[in-house]
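Engineer: Sharing a structure with you now.
The values are calculated or read from the model by the stated rules, or taken from the named source; none is laboratory data. Small disclaimer: the values here were computed from a predicted structure and weren't measured. Here the Cβ positions follow ideal geometry from the backbone for every residue, glycine too, while neighbour counts run over all protein chains shown. For the accessible areas, the whole protein counts, side chains as well, though only heavy atoms, and no ligand, DNA or RNA atoms are used. Shrake-Rupley method; radii C 1.70, N 1.55, O 1.52, S 1.80 Å.
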2 protein chains.
Amino acid sequence: MEINQLNPDIVSVAPSALRVFDHEISADPDIVKLTLGEPDFNVPEHIKQAAIASINADQSHYPYYWGIQELRDAASTYYREKFGYQYTADQIVCTVGATEGLSATFKTLFQPGDGVLIPMPAYPVYKAMALVNHLKPIMIDTTANGCVLKPQQVTDAIKANPDVTIRGVVITDPSNPTGVVYSEDQLAALVPVLRDNKIWVISDEIYGELTYGVQHYSLSRWLPDQTIIINGLSKSHAMTGWRIGFAFGPTGVIDQIAKAHQFQVTTPTSIVQYAAVEALTHGQNDAAAMRKVYEKRCDYLKQELTKLGVTYVEPQGAFYIFMKIPEQCQLDSFAFARQLAKDYHVGLMPGAPFGDPQALRISYASSNENLHAAVDALTKELTKLGVLA
Amino acid sequence: MEINQLNPDIVSVAPSALRVFDHEISADPDIVKLTLGEPDFNVPEHIKQAAIASINADQSHYPYYWGIQELRDAASTYYREKFGYQYTADQIVCTVGATEGLSATFKTLFQPGDGVLIPMPAYPVYKAMALVNHLKPIMIDTTANGCVLKPQQVTDAIKANPDVTIRGVVITDPSNPTGVVYSEDQLAALVPVLRDNKIWVISDEIYGELTYGVQHYSLSRWLPDQTIIINGLSKSHAMTGWRIGFAFGPTGVIDQIAKAHQFQVTTPTSIVQYAAVEALTHGQNDAAAMRKVYEKRCDYLKQELTKLGVTYVEPQGAFYIFMKIPEQCQLDSFAFARQLAKDYHVGLMPGAPFGDPQALRISYASSNENLHAAVDALTKELTKLGVLA
């Protein structure tokens, strides 16, 4: 039957350009990928053993849709100790990774037509989620302000969109793709304008444990009644493909999100829920070792990019560097990235889906060898294009 | 902030009464549950070993959002051989259980306001999914016709709802909660009216391998261009809590469902995807042994209910008996079920959420001992209420 009778909100949105580009270059068996946002580390052994124990114990039946009690208890304690979150177990829903938490949250908080502020550069899935829920994404360019949203920009966006009820903002902190981390002051500065305008905060803190020399703060500290935190174990415990995350929110709202979640997936995989209990009760330091390695790699890349005369947003967290493609290249981000993939078998993520068609995102959740290959490819390409002597 | 500003489609829908009731009675540590629709069998050993091997092999990275190629290949072959499905791997999306496949399908096929026919009694999640997607569920009572939808009922529903564009129907075959299996003729009879009225078929075939003495057919055989099949390993391989399912559909439509799915969950758990490959390549007969046991239990329950003078819908598949609460009881399904739970520590599912407040659903995916306990409790309760001498 005719595709034009399908839901236009689904039909008109593009599939994630990140996954599609990654899939495209994966056809090359020799490709060195620094594309997707996933740790090259393996799941820590004690968590793997917990998953195996769960399988052997036949814990294969339906967990309650909020997630098993032990896991919500463990998440309550773990994140309180880590970041000062103030949520009891019954204010936490276990989700199929951060994505599912975001999806249930977008679906629950807003009504069709509502506006959602998305500071750019941003992970492109936020915009897609706004669109599939028939919301109006309002993109705010933050590059002039070090990729941090300023209160004045919120006020300006409200004024510039008089016909839209702006009811949400997505804060990704630490940021994907820039690695920028909001300071305590920068977050506190946003509080009055968000409170006065009753703007829901979707606070994506999935990279919260990966900061270098700075502390991660959560907007929920100031705005507990209007913040939904999205977090999970994909990055902190290298469990991307296992798909376990959490949504934290005030009573009355989190219950509604739990419902949306139930009708999306029922519940995350039982095996992974039991493994996650182990991660949160005995894996408090799992991220620390990875963080040290990431930081060294970050330093290496910054140094090499600087040598090449390439500029980038100064990163303080996550595992990305968002670099500018030198103007002289006269190639947009997809063309440049495809060239690197074709000529040197190196995959970097085009910046266009994040909002900057003149940038590339380098993930350094990849081996030193791969990072060397990336630097080498960039050097050769910039030389070929006459940017380097 | 105010809950009345949240999405009214989410706020107004109730959480699944099935899960809530199950959770409620689970507070009793002595409860014998015949409530949820999940096998009491464990995941077959060879599938558990495949999951463990996947963990040990560190296959913990993001699978492609459609699901891994091996799994979609295996699903294409397995379901072709089992039920004659005609779908290539690129017409199959791997989902987080059947629920997520249903959710992505509801979201994709319809536009807000569209009508969706739901033959009753029905699994209540369909109605909830229609409501959260701002659709109009139109319930059709099929009890007078042996719980099978008749073509005339489709025509009548269209006439009775002149202001609604009816664009979908949900067929659950074998049925939850009645265990009714559509015959080849009954399905073929529906084809013209569904084709002529361009009605999408959401064909939930999750119990397809569990039929007793009859064959399962799929409406996709007649209506390949307008059917989305939902299936998965929860029932056939006792993998409920592991959460793996599949959506099958025509090219052009399944791609859109894949997108909706991507923005819901990214992809199902990697471990389970690899384990599912094992299930589909070496577990063709896993369901057979379970089916034999279920059939015996079904026969036992039918015999005992008949002795008690209790009527039920004649089941031919799944693992449920949908029994009538004798009129003389003067208790609705929730009151009766709560009484059984309170007095005899036996949990049966109230029929009201399925559309019949004078019925109970007994799941016989439970041990013989538990079935005896259920029969015993029913006997005592009916005696107490003066229905039995």
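Engineer: Which residue in chain B puts its Cβ closest to the axis that rotates chain B onto chain A, and at what distance in whole Å?
Structural biologist: Closest Cβ on chain B to the axis mapping it onto A, in Å: B:THR269, 2.
Engineer: Any residues in segment A:254-296 that have 30 Å² or more less accessible area with all protein chains than in their chain alone, probe 1.4 Å, and which are they?
Structural biologist: Listed by number, the residues meeting the 30 Å² cut-off are A:GLN256, A:LYS259, A:GLN262, A:PHE263, A:GLN264, A:VAL265, A:THR266, A:THR269, A:ILE271.
Engineer: In segment B:348-372, whose amide N lies under 17 Å from the spot 7 Å out along Cα-to-Cβ of B:GLN303? List them in ranges.
Structural biologist: B:364, B:367-372
Engineer: Search the structure for amide H atoms under 5 Å from the amide H of A:ILE92, placed 1.01 Å from N in the peptide plane, and list their residues when 5 or more places away or on another chain.
Structural biologist: Result for A:ILE92 returns nothing.
Engineer: Further, regarding this structure: Could you pull out every residue, at least 5 positions away or on a different chain, whose amide H is within less than 5 Å of the one on A:MET139? Hs are placed 1.01 Å off N in the peptide plane, and Pro or chain starts have none.
Structural biologist: HN-HN under 5 Å from A:MET139: A:ILE118.
Engineer: Considering every pair of different Cα atoms, what Kirkwood radius, in Å, is found for segment B:201-278? Display every interim value, and only then the final one.
Structural biologist: Details: mean 1/r = 0.0725 Å⁻¹.
This gives a value of 13.8 Å.
Engineer: May I pose another question? Using a loss threshold of 10 Å², tell me which positions in segment A:101-122 are less accessible in the complex than in their chain alone. Probe radius 1.4 Å, ligands and nucleic acids ignored.
Structural biologist: Hits at the 10 Å² cut-off: A:SER103, A:LYS107, A:THR108, A:LEU109, A:PHE110, A:GLN111, A:PRO112.
Engineer: How large is the convex hull of the C-alpha atoms of the protein assembly as shown per residue, in Å³? Intermediate values should be presented prior to the final figure.
Structural biologist: Numbers: hull volume 115.8 nm³, N = 778.
Hull volume over Cα atoms, normalised by residue count, gives 149 Å³.
Engineer: Within the accessible area of chain B, what % is carbon and sulfur when the probe is 1.4 Å and the other protein chains stay in place? Each step should come with its number before you reach the end.
Structural biologist: On the way: 6690 of 13240 Å².
The computed percentage sits at 51.
Engineer: What nm distances, shortest first, do you get from the label point of B:ARG195 to those in the other copies when the point sits 7 angstrom along Cα to Cβ?
Structural biologist: For B:ARG195, the other copies' label points sit at 6.5 nm, shortest first.
Engineer: Still on this model: May I ask you to derive the FRET efficiency for B:GLN330 and B:LYS198 from their Cβ-Cβ distance with R0 = 41 Å, giving the value to the nearest 0.05?
Structural biologist: Details: r = 46 Å, r/R0 = 1.11.
The calculated FRET efficiency here is 0.35.
Engineer: Any idea what Rg and Dmax come out to for chain A if you just take the C-alpha atoms, in Å?
Structural biologist: 20.8, 63
Engineer: Here is a follow-up. What do you get for GluC sites (Glu not before Pro) in segment B:1-87 restricted to DSSP loop and a cutoff of at most 14 other Cβ within 10 Å of the site's Cβ?
Structural biologist: Numbers: sites: B:GLU2, B:GLU24, B:GLU45, B:GLU70, B:GLU81; in loops: B:GLU2.
Counting only loop positions with at most 14 other Cβ atoms within 10 Å, the GluC sites (Glu not before Pro) in segment B:1-87 are B:GLU2.
Engineer: Right, another one. Using r as the Cβ-Cβ distance of B:THR88 and B:VAL164, and R0 as 45 Å, what FRET efficiency do you calculate, to the nearest 0.05? Please list the in-between numbers first.
Structural biologist: Numbers: r = 35 Å, r/R0 = 0.77.
Computed FRET efficiency for B:THR88 and B:VAL164 comes out at 0.80.
Engineer: To the nearest Å, what is the center-to-center distance of segment B:225-259 and segment A:253-326, using C-alpha atoms only?
Structural biologist: For segment B:225-259 versus segment A:253-326, the Cα centre distance is 30 Å.
Engineer: Could I ask something else about it? Between B:HIS282 and A:ALA188, what's the calculated FRET efficiency when r is the beta-carbon distance and R0 is 51 Å? Round to 0.05.
Structural biologist: 0.30
Engineer: Can you give the % of DSSP beta bridges in chain A that are antiparallel, to the nearest 5?
Structural biologist: Details: 17 of 38 bridges.
Around 45 percent of the beta bridges assigned by DSSP in chain A are antiparallel ones.
Engineer: Given 20 °C and 1.002 mPa s, how large is the Stokes-Einstein diffusion coefficient of segment B:68-111 in µm²/s, with Rh as the Kirkwood radius over Cα pairs? If you can, show how the numbers build up before the last one.
Structural biologist: Values: Rh = 11.3 Å.
Result for D is 189 µm²/s.
Engineer: What total accessible surface area, summed over both chains, is buried at the interface between chains B and A, computed with a 1.4 Å probe and given in Å² to the nearest 100?
Structural biologist: 7000
Engineer: A follow-up question, please. Go through A:HIS282, A:HIS345 and list them by solvent-accessible area, largest first, probe radius 1.4 Å.
Structural biologist: On the way: A:HIS282 130, A:HIS345 70 Å².
Sorted by accessible area, descending: A:HIS282, A:HIS345.
Engineer: From the backbone phi of segment A:146-158, what are the Karplus-calculated ³J(HN,Hα) couplings (6.51 cos²θ - 1.76 cosθ + 1.60, θ = phi - 60°) in whole Hz, Gly and Pro given as x?
Structural biologist: Those phi angles translate into x, 6, 10, 6, 9, x, 4, 5, 5, 4, 4, 5, 5 Hz.
Engineer: Oh, and also: Leaving out ligands, DNA and RNA but keeping every protein chain, what accessible area does B:ASP90 have, in Å² rounded to the nearest 10, with a 1.4 Å probe?
Structural biologist: 90
Engineer: Under the √(5λ) rule applied to the eigenvalues of the Cα gyration tensor, what semi-axes describe the equivalent ellipsoid of segment B:215-339? Give them in Å, descending.
Structural biologist: Numbers: eigenvalues 253, 75, 56 Å².
Over the Cα atoms of segment B:215-339, the ellipsoid semi-axes are 36, 19, 17 Å.
Engineer: Next up: Seen from all sides and averaged, what is the projected area of the convex hull of the Cα atoms in segment A:4-118, in nm²? Before the final figure, lay out the partial values.
Structural biologist: Values: hull surface 49.4 nm².
Average projection, Cα convex hull of segment A:4-118: 12.3 nm².
Engineer: Moving on to the next point. Where does segment A:9-76 land on Rg/Rh, using Cα atoms and the Kirkwood Rh? Walk me through the numbers before you get to the answer.
Structural biologist: Values: Rg = 18.5 Å, Rh = 16.4 Å.
Radius of gyration relative to Kirkwood radius: 1.13.
Engineer: I would also like to ask the following. Which whole-Hz ³J(HN,Hα) couplings does segment A:97-110 yield from phi under the Karplus relation 6.51 cos²θ - 1.76 cosθ + 1.60, θ = phi - 60°, glycine and proline marked x?
Structural biologist: x, 5, 3, 5, x, 4, 4, 5, 5, 4, 5, 8, 6, 10
Engineer: Enumerate the lysines that B:LYS48 could reach by cross-link, defined here as Cα to Cα under 29 Å, with residues fewer than 8 away along the same chain left out.
Structural biologist: A:LYS48, A:LYS235, B:LYS33, B:LYS82, B:LYS235, B:LYS292, B:LYS296
Engineer: Shortest first, in nm, what separates the label point of A:ASN4 from those of the same position in the other copies (7 Å along Cα→Cβ)?
Structural biologist: Label-point separations across copies, in nm and ascending: 4.1.
Engineer: Suppose only helical runs count, i.e. DSSP H with n ≥ 4. What mean residue ellipticity at 222 nm does that imply for the protein assembly as shown under -39500 (n - 2.57) per run, divided by all residues and rounded to the nearest 500 deg cm²/dmol? Working shown, then result.
Structural biologist: Numbers: 26 runs with 320 residues, N = 778.
Rounded to the nearest 500, it is -13000 deg cm²/dmol.
Engineer: Now a separate question. Quick check: pseudo-label points 7 Å beyond the Cα along Cα→Cβ at A:ASP141 and A:ARG221, how many nm apart are they?
Structural biologist: Distance between label points: 3.2 nm.
Engineer: Per residue, how large is the accessible surface of the protein assembly as shown? Use a 1.4 angstrom probe and give square angstrom.
Structural biologist: 34
Engineer: If you don't mind, there's one more thing I want to ask. State, to one decimal in nm and shortest first, how far the label point of B:GLN152 sits from each corresponding label point in the other identical copies (label point: 7 angstrom along Cα-to-Cβ).
Structural biologist: 7.4
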